[in-house]
Structure formats: structure tokens, C-alpha cells
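Q: Just passing along the structure, written as C-alpha cells.
The values are calculated or read from the model by the stated rules, or taken from the named source; none is laboratory data. As the structure is a computational prediction, the values presented were derived from the model and not from experiment. Positions of Cβ are generated from backbone atoms using ideal geometry, with glycine treated the same way; all protein chains shown enter the neighbour counts. Please note that ligands, DNA and RNA were not included when accessible areas were found on the heavy atoms of the full protein model with its side chains. Shrake-Rupley method; radii C 1.70, N 1.55, O 1.52, S 1.80 Å.
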Amino acid sequence: MHPQFGFFLTPNASDASSLVSTARLLDELGYDFAGIQDHPYQRRFLDTWTLISYLAAHTRNIRFFPDVASLPLRPPAILAKSAASLDVLSGGRVEVGLGAGAFWDAIEGMGGPRRSPGEALQALREAIDVMRLMWSDQRSVSYDGEIYQLNGIHPGPVPAHAIEIWLGVTGPRALALLGSHADGWVPSMSFVPPEKLPGLQARIDDAAVAANRDPAAIRRVYNIWGEFERNEWIDLLSGLARDQRIGTFILGGPDDEATLRWFAEDIIPAVRAEVSG
């Protein structure tokens, strides 16, 4: 296993210029991903898709994803179109983290729907289907869901690479949906601490097997942050990679140059060496 690493950027509007410089530094240092949270109702935040597009234009290699996109405020056909367009423009550097919704008062206040847990799960299931149809090379596609419909729409453009859909979910039914339909899991340490990973991973694996899918083909992404000493970081990350099959870590915390270089030049190589050894 060769773990990949990214950084969790907070889209503060007051830090717009520093976000660009941080993304460029991450790119220079060889980070694999930048994840950006999506809360359109947060007045202090830039729009996530606009920011990702802007940062992609100012970088060369680093890949971007919403961590995670708020489905109730992002119609899946439009989200798919946006992701495919940016994937083409950036040379295949986009993935999609997707969430069923949270902060329902704020979503409703912005004009989005307030969904019950069952409705939110159904919307998530249908959104995966809709997005994949929109990324297909079919001449026209239709879809008759309970929540989303497509009526002879012409999909396109086809993404530059096979965009993955990673779900930010924790509930039993949502994890089963992930195992049977999605490409990856992107939980956060604050909601899913390391000791809870085995049980939730098992739900994903069981659902994958039941759907005749290989559980190993489902990417495991982990948003992780904390204040640890060097050896604590190395032990924690390498242990999660080996024992919990975490293939991608999205690191959070201070984004000053010294910290980012410390991770890139010391912690990350040590973790990779520990895992491969």
C-alpha cells in the first residue's frame, strides 16, 4: 500500500489570497489532494466549487474534491456537469465527495429541501445514478426517480478520467448504500474516531460482498487532525493504513508553510516507509 495524503482547506473568504498560496505550496510539496468543505449557507465561506475551480487553475498536479458536497443544495445533474467540466479543464484532477445533507435549517433557509433521514438516503442513492448517467457517453439519458428525474438529456462532457464518488456518511443504511454503490468513504475523525472504524468498515464490506463487489476496490479516505508529536503521528497514520485500510489521509490543522513542509518532508515519507516495510 502507498498511502496518499491531502490537506483540508477551510474556504474562508477573508483568506482568499492565502488559499491560493497554500494550494500552490501543497502542489509544490507533492500533496495528492486538497479537500474543501461545502457549506454554501455559511456567510464567511467562499463557494466551494468556485474556489476549487480557481485553485485548480493555479496548480498543476494536486487533485481536488468537495469534502463533502451538500446534495440538497447541489442538484446532481448540475453537480455532475460541473465536476466533469472541471475534470476536463484540469486534466483529470477532480473527485466528488458527497453528503446527504446536514444543518437542515440553514439548507431550508437557502431554498433547499428539508429531508427526512429516509428521503435524504433515497436522494443520495438516486444522485449516484444520475451523476454516472451524466458522465456516460450515451447520446441521451433518462431517469425516473422519486426525487430526481432526467428526461432525454444529452450528457457531457465525458470526464477526463473516471471520477469517483466518495460518500461522507456514518449511518448503517447509508454505509450499506456506500458498499453497494459508491466508490469511496470519507468520514471525519471528529465523528468517527479510530476506535469506531472497524465496525463501520465491516458494514461497508458486508454490503459490498452482498452486491458482488470487491471491498478492497472501495477507497477509504479519512479526514484527520490533532496535536501529536512526530512519532505519534507516524504510529497513528501507519497503523490506520495497515489495520483499517485507510488509503488516503486528509490532514487538517495549521496551514503555515513550516507545518506543511514538516508533514511533506518528514511525516509522510516516514509513514509510507513504515507501511511499505
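Q: Under the definition of Cα pairs under 8 Å and six or more residues apart, what whole-number percent is the relative contact order of the chain? If you can, show how the numbers build up before the last one.
A: Working: 486 pairs, mean separation 52.4, N = 277.
Answer for the chain is 19 percent.
Q: Taking amide hydrogens as modeled 1.01 Å from N in the peptide plane, which residues meet the under 5 Å criterion relative to Phe33, leaving out close sequence neighbours?
A: Here the answer is Phe5, Gly6, Phe7, Arg63, since their amide H atoms fall under 5 Å of that of Phe33.
Q: Using the heavy atoms of the protein chains alone and a 1.4 angstrom probe, what is the accessible area of the chain per residue in square angstrom?
A: Numbers: 12540 Å² over 277 residues.
The answer is 45 Å² per residue.
Q: Using the alpha-carbon atoms, what tilt in degrees (0 to 90, nearest 10) does helix 76-90 show relative to the longest principal axis of the chain?
A: So the helix axis and the longest Cα principal axis differ by about 50 degrees.
Q: Antiparallel versus total DSSP beta bridges in the chain: what percent is that, nearest 5?
A: On the way: 4 of 31 bridges.
If we restrict to bridges inside the chain, about 15 percent are antiparallel.
Q: Loop only per DSSP, at most 10 neighbouring Cβ atoms within 10 Å: give me the GluC sites (Glu not before Pro) in the range 89-178, ordered by residue number. Please list the in-between numbers first.
A: Values: sites: Glu95, Glu108, Glu119, Glu126, Glu146, Glu164; in loops: Glu95, Glu146, Glu164.
Answer in residue order: Glu146.
Q: Still on this structure: Treating only the Cβ atoms of Lys and Arg (+1) and Asp and Glu (-1) as charged, compute the dipole magnitude of the chain about its Cα centre; round to the nearest 20 debye. Walk me through the numbers on the way to the answer.
A: Values: 24 positive and 34 negative charges, 125 e Å.
Around 600 debye, computed over the chain.
Q: Oh, and also: Which one of Leu251, Ala102, Pro269 is farthest out on the positive end of the charge dipole of the chain, using unit charges on Cβ (Lys, Arg +1; Asp, Glu -1) and the Cα centre as origin?
A: Toward the positive end, the furthest listed residue is Ala102.
Q: Let me ask something additional. Under the 0.36 nm per residue contour assumption, what length would be gained going from the current alpha-carbon distance of Val275 and Leu89 to full extension? Could you put the intermediate results ahead of the total?
A: Values: separation 186, 0.36 × 186 = 66.96 nm, distance 3.43 nm.
Difference between extended and current length: 63.5 nm.
Q: Stretch Asn61-Trp225 to full length: gain in nm at 0.36 nm per residue minus the Cα-Cα span?
A: Details: separation 164, 0.36 × 164 = 59.04 nm, distance 2.36 nm.
That works out to 56.7 nm of additional length.
Q: Follow-up. Between helix 48-57 and the chain, what is the angle of the helix's C-alpha long axis to the longest principal axis, kept within 0 to 90° and rounded to the nearest 10?
A: With rounding to tens, the tilt is 60 degrees.
Q: Compute the relative contact order of the range 140-209 as a whole-number percentage, counting only Cα pairs closer than 8 Å that sit 6 or more residues apart in sequence.
A: Values: 70 pairs, mean separation 18.8, N = 70.
27 percent.
Q: So how tilted is helix 16-29 from the main axis of the chain? Cα-based, degrees 0 to 90, rounded to 10.
A: Roughly 60 degrees, rounded to the nearest 10.
Q: If only Cα atoms are counted, what is the Rg of the range 216-255, and what is its Dmax, in Å?
A: 10.8, 32
Q: Restricted to Cα positions, what overall size does the chain have along the principal axes? Three whole-Å values, descending.
A: 54, 44, 37
Q: Dipole of the range 190-277, Cα-centred, from +1 at each Lys and Arg C-beta and -1 at each Asp and Glu C-beta, to the nearest 20 debye?
A: It comes to approximately 520 debye.
Q: Can you compute the modelled spin-label distance between Ser136 and Asp243, with each label point 7 Å from Cα toward Cβ, in nm?
A: Reported label-point gap for Ser136 and Asp243 is 4.3 nm.
Q: Label the range 30-175 by shape, choosing from rounded, prolate and oblate, from the square roots a ≥ b ≥ c of the eigenvalues of the Cα gyration tensor; if a/c is under 1.5 it is rounded, and otherwise prolate applies when a/b is larger than b/c, oblate when it is not. Display every interim value, and only then the final one.
A: Values: a/c = 1.73, a/b = 1.13, b/c = 1.54.
Oblate.
Q: Then there is this: Carbon-plus-sulfur fraction of the accessible area of the chain, 1.4 Å probe, in percent? Kindly include the intermediate steps, with their values, before the conclusion.
A: Working: 6280 of 12540 Å².
Carbon and sulfur together cover 50 percent of it.
Q: Please list, by residue number, every one of the chymotrypsin sites (Phe, Trp or Tyr not before Pro) in the range 149-251 that is coil in DSSP and has at most 12 other beta-carbon atoms within 10 Å. Walk me through the numbers before you get to the answer.
A: Working: sites: Trp166, Trp185, Phe191, Tyr222, Trp225, Phe228, Trp233, Phe249; in loops: Phe191, Trp225, Phe228.
Hits after loop and neighbour filter: Phe191.
Q: Just for the range 57-168, what percent of DSSP beta bridges are antiparallel, to the closest 5? Please list the in-between numbers first.
A: Numbers: 3 of 9 bridges.
Taking every DSSP beta bridge within the range 57-168, about 35 percent pair in antiparallel fashion.
Q: Okay, moving on. Cα centroids of the range 123-138 and the range 168-236: how far apart, whole angstrom?
A: Their Cα centres are 23 Å away from one another.
Q: Charges on Cβ only, +1 for Lys and Arg, -1 for Asp and Glu, centred on the Cα centroid of the chain; of Ser142, Val221, Ser14, which one is farthest towards the dipole's positive end?
A: Result: Ser142, furthest along the dipole toward the positive end.
Q: Are there GluC sites (Glu not before Pro) in the range 208-257 that DSSP marks as loop and that have at most 13 other Cβ atoms within 10 Å, and which are they?
A: Details: sites: Glu227, Glu229, Glu232, Glu257; in loops: Glu227, Glu229.
Sites meeting the loop and neighbour criteria: Glu227, Glu229.
Q: What percent does the relative contact order of the range 1-103 come to when contacts are Cα pairs within less than 8 Å and at least six residues apart?
A: Working: 155 pairs, mean separation 26.6, N = 103.
Relative contact order, the range 1-103: 26 percent.
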